[in-house]
Ligand code: GDP
């Protein structure tokens, strides 16, 4: 079932000012340029709900959207800009940390990775960090229409094996493309039952 209603709610640079945790919440995060805005627009069926990247590294905001009057979709700032200063990186880490530790309604974090590139330390470290905190997350592979089925399967296997070096279980994985809308129903069908719990 497609999303019926998607509305921007609020932007914050301070996690303490995020909306009251009165609805189930799902956060989307990944490296800059991974395709996060495109995926959010594809999932919600809105051409420009999330802004397709302007300049990386500028104001870093936590954006809340209300979907179908039922759940919050949260667009977290992208990480891993090469050009930012140490101070900026620390500010970013504090922002994400503050967010992750203050949302009791956060049911799942969607960690986006570009299916065309090999696993990056920054992504694996971020996932390990979520695992250590006991925060539920899944992996979303973006831009998958660029890969044939064999390469795609190899990418999925590589991530799974990497994570199984540390963890007993690998997280659920979603194969998506903002170009073909692949993965939209899979992700929405994953979210909806969690909302009911
Ligand atoms: P963000 O920085 O993570 O929000 O990434 P954007 O959504 O702004 O996308 C970054 C770039 O990747 C843009 O040039 C998009 O057109 C491109 N892109 C995003 N999703 C896809 C996809 O599914 N397939 C392809 N081929 N390109 C994509």
### Query
within 15 Å of the ligand (Cβ to nearest atom) and without any contact (Cβ under 8 Å) to a residue 60 or more places away in the chain: does that describe residue 28?
no
### Task
Give just the number: which of (1) under 28 Å from residue 170 (Cβ atoms); (2) touching a helix residue (DSSP H, G or I) at 6+ places or on another chain (Cβ under 8 Å) does residue 60 not satisfy?
(1)
### Task
Confirm whether residue 193 is assigned to a helix (DSSP H, G or I) and more than 17 Å from the chain's Cα centre (by Cα).
yes
## Note on the structure
Considering the stretch 178-194, residues that are in contact with a strand residue (DSSP E or B) (Cβ under 8 Å, 6 or more places away or on another chain) and under 16 Å from residue 28 (Cβ atoms), and then whichever is farthest from the ligand (Cβ to nearest atom), we arrive at 194
### Task
Among what's in the stretch 120-140 and is free of Cβ contacts under 8 Å to residues at least 40 places away in the same chain and assigned to a strand (DSSP E or B), pick the residue that is surrounded by the most Cβ atoms within 10 Å (Cβ to Cβ).
139
### Task
Would you point out which residue out of 72, 81 is within 16 Å of the ligand (Cβ to nearest atom) and buried (at least 18 other Cβ atoms within 10 Å of the Cβ)?
81
### Task
Search the stretch 85-100 for residues that are touching a residue at least 12 places away in the same chain (Cβ under 8 Å) and pair each with any residue that is surrounded by 15 or more Cβ atoms within 10 Å (Cβ to Cβ) and in a helix (DSSP H, G or I) when their beta-carbon atoms are under 7 Å apart and the residues are at least 6 apart or on different chains.
95/15; 98/15; 99/15
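Taken together, the values in this text are just the output of simple stated rules run on the coordinates, not laboratory data. Quick caveat, the model's predicted, so the values are computed rather than measured. Every residue, glycine among them, receives a Cβ derived from its backbone with ideal geometry; neighbour counts consider all protein chains shown.
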